[in-house]
Every structure is written in structure tokens, then in C-alpha cells.
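The structure appears right after this line, and notes come after that.
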Amino acid sequence: MGSIFRLALVQMHVDAGNPDANYTRLELKLNEAIQHAVKPDMIMLPEMWNTGYALEQINELADENGERTKKLLSAFSREHNVQLFGGSIAEKRTDGVYNTTYVFNEQGEITAQYSKIHLFRLMDEEKHLQSGDKLGQLNVSGTDAGMMICYDIRFPELARKLAINGAKLLFVPAQWPSPRLHHWRTLLMARAIENQMFVIACNRCGTSGTSHFFGHSLVIDPWGEIIAEASEEESIVRAEIDLSLVDAVRSKIPVFEDRRPQLY
Ligand SMILES: NC(=O)CCC(=O)C(=O)O
């Protein structure tokens, strides 16, 4: 892959408990993301964009084996020859509902899948969802990457493990609400700085019930600099990242060589 990679993050409102409205909205947003003078290499979506946190009804609302989502996203990526990081959806399996990400290549094939490992008690996830038990690893046009979903970013050992396994980029779809904007920005910047990797984080925006989601989707480089940051409004966040920066930062401060894992 050339070292320049173009991203378009879809920061959108999600209508909790109304999948039909969300699929319709998503199609409009995908078209907005692709119709731009500079075509993105990858489009990214936020967490649980199909149902929102309508967890009391999640069994009825969740997408059966992700079929509706896969059909839509696969067709879009194939038609537009674009990679798609599918945020995450409520995915119904025989043993329960998972918070699951699918990643599609330009041919519309699923190249990676990840289900959220750490369920967020403050939003009752553990009462209604099953947790995943595998790491989220993917390859983006020849570059290794990792993925986490929202609350997962509070676990630095997970990001470190993904980085040790080779990830140079970390994707984070989220539904991260107020009043924790300071945590959101600080944790994402810390994951980027300590692991010397790009962090690409797509949050939802808008209000559902008593929860306000502040947006502020972010793209952060391996030096911890913010390349792009959204406001609180719906928007397509565009960023061009230079992947060669990861090796440059890692050779300037050789954190991975200087680790002393035998001591901690
Ligand atoms: N959807 C989530 O996992 C939210 C996580 C969150 O808000 C946090 O503070 O952590």
C-alpha cells in the first residue's frame, strides 16, 4: 500500500429502537461520504448504529446474524470500490445478542469481525449482551490494524497487545455520551501516544432519552497530534493519514524495544 490512506468517518445521529430509520439514515450518510472530490479509501461508522442502546428490546431489534447489515454494507463497498469499517451493530446469534463489527474490502467481502470484549455496566450492556472472546485484528490494504469498541479503550493492555501483534492503526467505533468528553479525548490520545499508532475513533452524536452523545470523532496520529476532530453535529470527518509516520515515531522513541515485560 502507498503510505497515504484516506478516511471518512460518519458521525451520525442514531434513533434508539428504530432500525428502519437508522438503515435509511445510514444509506444517505454513506452516499454523502463517498460523493466527494477526494474519494476515501475507507468509510467508518459508529457503534450500535442499527438499534442504539434500546437494550430492553434488543432481542427483537437486533439484526439476525447481521444479515441485513452485511447485505447493505457489502453491496455498497462493492459498488463503490471502497473499504468499509462497519462500526458495530446489535447482532443476534443463537446464544444471544453481541455488539459486533464487520469490516469489508472493496470487493464487498468481510475481512474481519470483532465482538466487544468489555461490556459497559453504566449502560447495562452486561444485562442484555454477550461479550466477545477474541481480539479484533484486521489488515487494511497490507497494514496490520486493531479494533476495539468504545468502553474497550479504558483497557490499555488490550491496545498494547494489539500493537505488539503488529497493529499500526487502531479503529474505535463508539456511542460515548456526556459528560465524559474529557475521558474520551484523553484516553484516545493516550492509546495513540503510548502505542505510537494512529487512533481512528468514530462516535455517534445526538440525544437518545436522557443520554446526550457529543460526537467529537477523532483521528489522532502516532505522535498524539489530532489530525481531525468533529464538533457535536452530524458530519463526515475526512482525514488523510501518512502510515509511514508510525515507523518514524517508533524509531525516534523506541518504546517497544525499551519495554521490560519481565518486570511487569
Ligand atoms: N458504549 C460504551 O461503551 C460507552 C463507554 C463510556 O461511555 C465510557 O465512559 O467508558
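The values are calculated or read from the model by the stated rules, or taken from the named source; none is laboratory data. Since the structure is predicted, the reported quantities are computational estimates derived from the model, not experimental observations. When we count neighbours, we look across all protein chains shown, and the Cβ atoms used for this are built from the backbone with ideal geometry, even at glycine. Side chains are part of the model used for accessible areas, which takes the heavy atoms of the whole protein and leaves out ligands, DNA and RNA. Shrake-Rupley method; radii C 1.70, N 1.55, O 1.52, S 1.80 Å.
The condition (being part of a strand (DSSP E or B), touching a residue at least 60 places away in the same chain (Cβ under 8 Å) and of a type outside the set (D, E, K, R)) is satisfied by just one residue among T101, T111: T101.
When A21, A37, A75 are screened for being of a type in the set (A, V, I, L, M), open to solvent by 10 Å² or more (accessible area, probe 1.4 Å) and not in a helix (DSSP H, G or I), only A37 passes. Beta carbons closer than 6 Å, at least 6 apart along the sequence or on distinct chains, pair a first residue in region 137-149 that is within 23 Å of L187 (Cα to Cα) with a second that is in a strand (DSSP E or B) and open to solvent by 20 Å² or more (accessible area, probe 1.4 Å) for G146/Q137. The listed residues are R260, R160, R238, R185, and the only one of them that is of a type outside the set (V, I, T) and within 16 Å of the ligand (Cβ to nearest atom) turns out to be R185.
Within region 85-121, if we keep just the residues that are more than 12 Å from the ligand (Cβ to nearest atom) and polar (S, T, N, Q), the residue that is most open to solvent (accessible area, probe 1.4 Å) turns out to be T94.
Looking only at region 63-72, residues that are farther than 20 Å from N139 by Cβ, open to solvent by 10 Å² or more (accessible area, probe 1.4 Å) and outside any strand (DSSP E or B) come to 5 in all. Determine if region 2-9 includes at least one residue that is touching a Ser or Thr at 6+ places or on another chain (Cβ under 8 Å), under 21 Å from M147 (Cα atoms) and surrounded by 15 or more Cβ atoms within 10 Å (Cβ to Cβ). Checked region 2-9: at least one residue is touching a Ser or Thr at 6+ places or on another chain (Cβ under 8 Å), under 21 Å from M147 (Cα atoms) and surrounded by 15 or more Cβ atoms within 10 Å (Cβ to Cβ).
Is at least one residue of region 136-145 under 22 Å from K92 (Cα atoms), open to solvent by 60 Å² or more (accessible area, probe 1.4 Å) and either out of contact with any Cys (no Cβ under 7 Å at 6 or more places or on another chain) or within 13 Å of the ligand (Cβ to nearest atom) (or both)? Yes: one or more hits. I'd like the full set of residues that are surrounded by 20 or more Cβ atoms within 10 Å (Cβ to Cβ) and either in a helix (DSSP H, G or I) or among the polar types (S, T, N, Q) (or both), limited to region 151-186. The answer is Y151, D152, I153, A159, L162, A163, Q175, W184. The sole residue among V249, V237 that is surrounded by 14 or more Cβ atoms within 10 Å (Cβ to Cβ) and under 25 Å from F104 (Cβ atoms) is V237.
List, please: which pairs have Cβ atoms under 8 Å, are six or more places apart or on different chains, and start with a residue in region 65-93 that is more than 16 Å from T24 (Cβ to Cβ) and end with one that is open to solvent by 40 Å² or more (accessible area, probe 1.4 Å) and basic (K, R)? That search, which allows pairs on different chains as well, returns N65/K92; N65/R93; V82/K39.
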